[in-house]
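Nothing in this text is a laboratory measurement; each read-out follows from the coordinates by a stated rule. Since this is a predicted model, take the numbers as computed values, not measurements. Methodologically, a virtual Cβ is constructed for each residue, glycine included, from the backbone with ideal geometry; neighbour enumeration extends over all protein chains shown.
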Amino acid sequence: MAFVDILLGGVFHAAVLFLVAAGLQLVFGVQKIVNLACGSFYALGAYFGISAVNWAIARGMPPGAFLPVLLVAGVALGVIGPAIEALLRTIYHRDEAFQLLLTFALVLMFQDVLRFFWGANPNQLGDLVMSYGKISAGAVTIPTYNVLVILASIAIAAGIGSFLKHTRFGRILRATAENREMSQALGVNVRWMYASVFTLGTVLGTVGGALVVPTAAATLDMPVELVVEAFAVVVIGGLGSMRGALAGALVVGLMRALSIRYYAELEMLAIYLVVIVILIARPAGLFGKAVE
Amino acid sequence: MNLKRRQLLQALGAAAAASYAGAPAFAQNTPLRVGIIAPKAGIAGTIGECGLRGTEYAVARINAAGGIAGRKVELIVEEETNPKDSIERLRKLVLQDKVDCVQGIVSSGVSLAMGAVAEEMKALTIFWDGTTQDGVKETMVNPRYVFKSTDNECEAVMGSLLAVKHWKGKFKTVAGINPDYSYGRNNFAAFQALLKKFGVEHTVVADQWPKVGTTDLTSHVAALKAAKPDLVFSSLLFADLPIFMRTAHGAGLMDGGTKFVFPAAGFQHTALKKSFTPEGMIFGHNTLYFDYDKGTPQQKEFVKQYYDKYKDYPNWEADRAYFAMEVYKAGVEAAYKAKNAWPGKEDVINAIEGVKVQSLGGPGHMRKDHIAEQTFYQGITTHKNNYDFPTLGTVDIMYSDQLQKPTGMDFWQWIETATIKL
């Protein structure tokens, strides 16, 4: 039964990583930009989620009703997406190095924005997460809220998959990702498409941060920390692939959980060993497309 | 023309001599300038903030009572960040602001680097926290200008002693989850060494080393749960401890009879809510237990003022900061009294060596080797209080001469040979 606890710990971490990596994958898949600021969106969601919940509780909301507030807070932050996309538009045709530098600059700038609005100290939501109780089966116990986070990640993965595959917007989006010029020639408003995709990517990050923060803490260092792990996820899963994000997050989450259990000091080594093996044996990742 | 110039020079010389002669009197009428270097951001931000509030409280009291030997105290506050930048701020305080004393510092990483620079600059410096130890080995055995706090291991030693005192014979397997730097590693090693010293046979079934600031400890908790320890020793601190506590409670790690020792819990005691922090754990509050019913009137007044002003309860960094200011005050006043004139820096340093003060948390003194001795508080948690977080049901008090090595002694050798009363 102890092994089940370890697996659940790995799956929970995978769920968190997927929420960070999903936005990164979506934006790269369509816009071909490696958006390092995805970790900052996640952190912004976490901080804003705490403020929104505290605001709602101060106005009489029962503590147990915090989940919808977090979701609304995460979605509402999507308003920053079009503004940032307008900035990135200036470097779509530049070298990848410019794109990385600009999105890294955004990471640093967001850190100061978070510091300005929420201060430098870690923010937490106290014991709200306890209001959802625990689920026990034999010796295995898991907080109900952790199960909700895992289910939310699965729902988001399934929802995006279905959205991309079965909706008209999804088909246009995939077509634009395949061939921007042809889509444009066929009348697709690529500028609008890019702004929409970037906003969706932003919302994935902000909702992710807002959802996870009751179990953790919002800190100024979290964007960089998460991006480091998110990179392992996209390298393993394949850059630009949503299925790859899911698979990569599971590999990283489970590798981390197992190494923490059996060789705690080799946590990062174990994860990046997989990254190196993938880079050598299958450079495009498990679900990525090889560049011709 | 020459005569006039000579007369002018003589007049200037006389004026200069007069102003020099009046310098000590002038100095006594100006405020004493104390530079504070404390973290305002990051994981130690709340700790630095609490320390600064302790300093401000001390200075308000001192100034209301007429100052230190008649001189008011003026604070110049700088931020503690990484060692390099913090040392630059030390230089600025000493060279540009010309402070009379520097106080502060929470991180051992900073104090270790800053100690040598302060010594080189001959800057009278009193650390709140941190040490100048490399691991547990003292790098500045006989400093002249730097005064240090108690060793970081004091709380781990006391927590270990209480585990032996309360639970000897009730546990055989132990696990550790400690921050992955020298503080965490030394603490867990000290815990095991003390178990050995007191004949507690035990097996370490798990040791986890999350880096400071890890926000997801689910897998670490799962690993601890899988190892089924009778006792968990954890010197996690800052925001990491509430995350661990919440995660461990949610995963059922606290549902069985596992015992817990948290020597540094007092740093974030108000964030450890009752709903996920059970009773019966050993909690360390270091040199200030805010709710001690036999605390001094000074402590009670401070805690009340602190709550009224900040709607929070202070942790031990407030006491460390208060202690540093009281040590400086006592040193200056003793030197002033002995000299019957305003003392120089060397006089003050001589007076601080061995000085005894009453800090917020209780009595303390500064050893001749410039290491502080203070009163420490730990105990077993209870929910029987009016707060939303646990306090201590039983309070154990120890003076740090029972918890830290004497001058020049090796820490591990001290543990083996010391006569420690439980």
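I'm a student and want to see the number: the projected area of the Cα convex hull of the range A:36-94, averaged over all directions, in nm².
Numbers: hull surface 17.8 nm².
Its Cα hull, projected and averaged over all orientations, spans 4.5 nm².
Which whole-number percent gives the relative contact order of chain B, counting Cα pairs below 8 Å spaced six or more residues apart?
16
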State, as an integer percentage, the relative contact order of the range A:2-281 based on alpha-carbon contacts under 8 Å between residues 6 or more apart. 40
What shape does the range A:109-211 have by the C-alpha gyration tensor, where a ≥ b ≥ c are the square roots of the eigenvalues, rounded means a/c under 1.5, and otherwise prolate means a/b greater than b/c and oblate the rest? oblate
Residues A:168, A:256 in order from fewest to most other beta-carbon atoms within 10 Å are A:168, A:256
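Summing +1 for each Lys or Arg and -1 for each Asp or Glu, what net charge is found among the other residues whose Cβ lies under 9 Å from the Cβ of residue A:238? It would help to have the intermediate numbers written out before the result.
Numbers: positive: A:243, A:282, A:289; negative: none.
Once positives and negatives cancel, what remains is +3.
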Inter-site label distance for residue B:72 and residue A:92 at 7 Å from Cα along Cβ, in nm: 6.3
Can you put A:95, B:85, B:319 in order of Cβ neighbours within 10 angstrom, beginning with the fewest? A:95, B:85, B:319
Size of the dipole of the protein assembly as shown about the Cα centre, Lys and Arg at +1 and Asp and Glu at -1 on the beta carbon, nothing else charged, in debye to 20? 820
Would you mind listing how long chain B runs along its three principal axes, going by Cα atoms, in whole Å with the largest first? 98, 45, 37
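Provide a whole-number value for the mean count of partner chain Cβ atoms within 10 Å of the Cβ atoms in peptide A:141-149. All intermediate terms of the calculation are to be shown ahead of the outcome.
Values: counts 7, 5, 8, 1, 2, 4, 0, 0, 0.
Mean inter-chain Cβ contacts per residue within 10 Å come to 3.
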Summing Lys, Arg as +1 and Asp, Glu as -1, what charge do residues with Cβ under 13 Å from the Cβ of residue B:253 carry, residue B:253 excluded? +2
Relative to the Cα centre, what is the charge dipole magnitude of the range A:2-281, using +1 at the beta carbon of each Lys and Arg, -1 at the beta carbon of each Asp and Glu, and rounding to the nearest 20 debye? 800
Which lysines, on any chain, are close to residue B:337 with Cα under 28 Å apart, when same-chain ones fewer than 8 places away are left out? B:72, B:98, B:122, B:148, B:329, B:345, B:356, B:368
Which of these, A:187, A:201, A:23, has the largest mean-square fluctuation under a Gaussian network model of chain A (Cα springs below 10 Å)? A:187
I need B:125, B:132 ordered by Cβ neighbour count within 10 Å, fewest first. B:132, B:125
By the gyration tensor of its Cα atoms, with a ≥ b ≥ c the square roots of the eigenvalues, what is the shape of the range B:51-128: rounded for a/c under 1.5, prolate for a/b over b/c, or oblate? prolate
Can you tell me the length gained on complete extension of the stretch residue B:167 to residue B:353, counting 0.36 nm per residue apart and subtracting the Cα distance? 63.1 nm
Under 5 Å between amide H atoms, partner at least 5 residues away or on a different chain: which partners does residue B:376 have, H built in plane at 1.01 Å? B:398, B:399, B:400
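Quick check on chain B: helices-only [θ] at 222 nm, where DSSP H runs of length 4 and up contribute -39,500 (n - 2.57) each and the sum goes over total residues. Nearest 500, please.
Details: 13 runs with 174 residues, N = 422.
Helix-only estimate at 222 nm: -13000 deg cm²/dmol.
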Please find, in a Gaussian network model of chain B (springs between Cα atoms separated by less than 10 Å), the residue of B:360, B:288, B:112 whose mean-square fluctuation is greatest. B:112
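Quick test of the membrane-span-like rule: which DSSP H helices of chain B reach at least 24 Å along their long axis (C-alpha atoms) with mean Kyte hydropathy at least -1.0?
On the way: long enough: B:2-21 (28 Å, 0.09); B:45-64 (28 Å, 0.06); B:316-339 (34 Å, -0.40).
Qualifying helices: B:2-21, B:45-64, B:316-339.
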For the cross-link pairs A:32/B:211; A:32/A:165; B:92/B:304; B:304/B:421; B:92/B:211, which exceed 25 Å when the distance is taken from alpha carbon to alpha carbon? A:32/B:211; B:92/B:304; B:304/B:421; B:92/B:211
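Suppose we take every Cα in the range A:2-281 and form the convex hull; what volume per residue is that in Å³?
Values: hull volume 40.2 nm³, N = 280.
Once divided by residue count, the hull of the range A:2-281 is 144 Å³.
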Between residue B:204 and residues 5 or more places away or on another chain, the pairs with built amide H atoms under 5 Å apart involve B:174
First select every other residue whose beta carbon is under 9 angstrom from the beta carbon of residue B:48; then total the charges, Lys and Arg +1, Asp and Glu -1. -3
Looking at chain B as a GNM with Cα springs under 10 Å, which of B:202, B:285, B:370 has the largest mean-square fluctuation? B:202
